[in-house]
1. Filter the cross-link list Lys359/Lys462; Lys219/Lys415; Lys40/Lys176 down to pairs whose alpha-carbon distance in this structure exceeds 19 Å.
2. Among Thr266, Leu287, Thr229, pick out the residue whose Cα is farthest towards the positive end of the charge dipole of the range 218-325, where Lys and Arg carry +1 and Asp and Glu carry -1 on C-beta, about the Cα centre.
3. Rounded to the nearest 0.05, what FRET efficiency do Ile54 and Glu285 give with R0 = 51 Å and r taken as the Cβ-Cβ distance? Could you check?
4. In sequence order, what are the phi-derived ³J(HN,Hα) couplings for the range 477-493 according to the Karplus relation 6.51 cos²θ - 1.76 cosθ + 1.60 with θ = phi - 60°, rounded to whole Hz, with x for glycine and proline?
5. Give me the extension gain from Thr431 to Glu360: residue separation times 0.36 nm, minus the current Cα-Cα distance, reported in nm with one decimal.
6. Over the Cα atoms, compute the radius of gyration (one decimal) and Dmax (the largest Cα-Cα distance, rounded to a whole number) for the range 203-264, in Å.
7. Rg to Rh for the range 413-539: what is it, with Cα atoms only and Rh by Kirkwood?
8. Ranked highest first by the average count of other Cβ atoms within 10 Å around their residues, in what order do 374-382, 435-443 fall?
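Each reported figure results from applying straightforward, stated rules to the coordinates on display, with no laboratory input. Please read all numbers here as calculations on a predicted model, not as lab measurements. Note: ideal-geometry Cβ built from the backbone for every residue, glycine included; neighbour counts use all protein chains shown.
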Amino acid sequence: MIQISQIRLKPDSPETALHQAVYKALRLSPKDTCRIEIAKQSIDSRHKPDILYIYSVHVSDILLNGKKPVDEAAWIKKLKNRDITPVTQKGYTFPAVSRQILKEEDRPVIIGFGPAGMFAALKLAEAGLRPIVFERGDSIGQRKKEVEAFWQGGALNTESNVQFGEGGAGTFSDGKLNTAIKDPTGRIHEVLRIFAEFGADSRILYVNKPHIGTDVLAKVVQNIRKKITACGGEVHFQTKLTAIHEKDGAVNGITVFDRAENKSFTHACNTVCLAIGHSARDTFEMLLAQGISMQPKAFAVGVRMEHPQSFINQNAYGDCHYKLPAADYKVTFQTSTGKGVYSFCMCPGGYVVNASSEKERIAVNGMSYSGRNGDNANSAIIVTVTPEDFGSNILDGMHFQRRLENLAWREGNGKIPVQLYGDFKNNRISTGFGAVTPSIKGAYTFGNLNHVLPEFLTAPLKEGITGFSTRIKGFDMEEAVLSGVESRTSSPVRILRGDSLQSVTLHGLYPCGEGAGYAGGITSAAVDGLKIAEQIATN
């Protein structure tokens with residue numbers, strides 16, 4: 001297979017343009033045939049308004065005159081073009097399965113059906129190991145009804161909400177699949193391939209910053225669940241882990257509370273994948289009480305910030321007349337005190353959502369539909385906090401999150417507190433909106449976010465947002481809307497695991513994904529789920 005990089009096309013190029021560019025680069029005639037697959041597509045807007053799409057493609061099965069196969073290595077050497085190279089991409093292969101299911105308790109158990117647990121379950125099911133999943137929240141259909149009712153002013157279901165339920169927290173998000181992790185094994189591409197196989201747009205396989213959208217993601221996770229059960233796995237909803245049993249330093253069972261039956265039961269097992277998500281605070285408390293080794297870890301806290309999407313598009317594309325995707329951004333700033341401020345989980349054309357999972361606490365997140373066609377862009381604007389900021393005891397970070405969320409709940413009297421950036425800067429409550437009307441799922445009201453976040457966070461946020469305007473002119477517009485509090489950026493703890501990816505405390509327990517402190521987003525969590533499945537299948 002041959003890779004051709006740096007193919008540059010205008011956004012209004014005809015569909016045949018890419019094919020023609022490939023033939024020109026490879027010096028093929030119209031009578032020659034080949035298979036062309038887009039490997040990567042990105043937008044170059046550095047010279048706006050002259051916008052270009054940049055492609056890398058993979059070319060295979062080249063036949064001269066439709067008959068004679070090409071010696072690809074010799075062909076590449078003859079062309080002498082540094083943008084034409086052999087493909088070195090490694091495909092993903094699940095390892096040979098050595099695990100045997102001799103009795104019922106040998107079936108692997110997975111706690112949580114977010115991206116980590118879902119991908120672990122899928123691979124184990126496809127390998128014939130018949131995994132059993134216990135998820136505390138509801139199936140996606142019921143969960144969507146509960147979340148929508150909550151956003152409309154109904155009661156919060158603390159067991160099934162934006163954080164808990166089929167698909168995990170990612171189901172009510174932008175469905176972003178880009179990740180900063182590196183994985184030479186092909187796991188990242190395998191995650192994208194699986195999402196596409198089960199209903200996501202196939203363009204996620206090659207666009208530079210792939211996303212699915214919460215509307216499509218809900219259907220995809222449902223399809224993955226159906227495949228798991230078709231392969232002999234089980235997925236149980238409304239079932240929460242309440243205890244892990246051990247014998248001679250190894251897992252030999254769990255206790256689960258069945259919400260539908262309102263009773264607990266014990267399930268015998270010797271392998272547990274713990275994919276609980278970053279908001280399973282009661283589970284963290286249970287694990288600590290049972291002596292499972294954990295440590296506090298850094299995370300980030302801040303606010304959601306909304307700008308008009310048209311403003312973000314203008315910054316990215318200038319006065320471009322082409323129809324282009326809703327633009328995103330990524331900004332960072334080092335403050336005078338050394339604190340870093342940065343954007344996170346940016347949602348073009350999206351919504352701020354009430355992502356609370358505990359009573360009398362407010363947490364916000366961002367969400368986009370697949371079309372990303374909302375009026376506003378929003379992003380978390382956050383500051384890293386460490387044990388030096390919140391305390392060195394294992395759950396001090398979690399308690400810090402809870403305190404901030406309770407302050408947000410109090411400031412908004414049970415609603416999301418919002419504030420114009422100019423008023424946040426000047427420590428006063430806003431009285432009306434200007435250029436930005438909030439796009440928020442859930443009740444909101446004016447409040448003073450200086451009363452929610454401590455000064456060691458508000459000061460760098462103000463300095464950082466002003467600093468961002470050197471990158472995006474006008475980013476610090478006074479009428480931009482802030483919402484609080486953004487506190488669920490990642491897990492406040494890490495559940496320690498060894499080289500075999502098992503808990504250093506308990507053999508057969510596999511901490512996995514965001515909740516365990518080994519991922520930060522849908523793709524990295526899914527990749528970690530694949531890693532755990534590989535270990536379980538071969539141990």
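1. Check vs 19 Å cut-off fails for Lys359/Lys462; Lys219/Lys415.
2. Thr229
3. So the FRET efficiency works out to roughly 0.55.
4. 4, 4, 8, 4, 9, 9, 10, x, 10, 8, 10, 9, 5, 6, 5, x, 9
5. Stretched out fully, the Thr431 to Glu360 stretch lengthens by 23.1 nm.
6. Spelled out, the Cα radius of gyration and Dmax of the range 203-264 are 17.8, 49 Å.
7. Using only Cα positions, Rg/Rh for the range 413-539 is 1.17.
8. Going from most to least packed, we get 374-382, 435-443.
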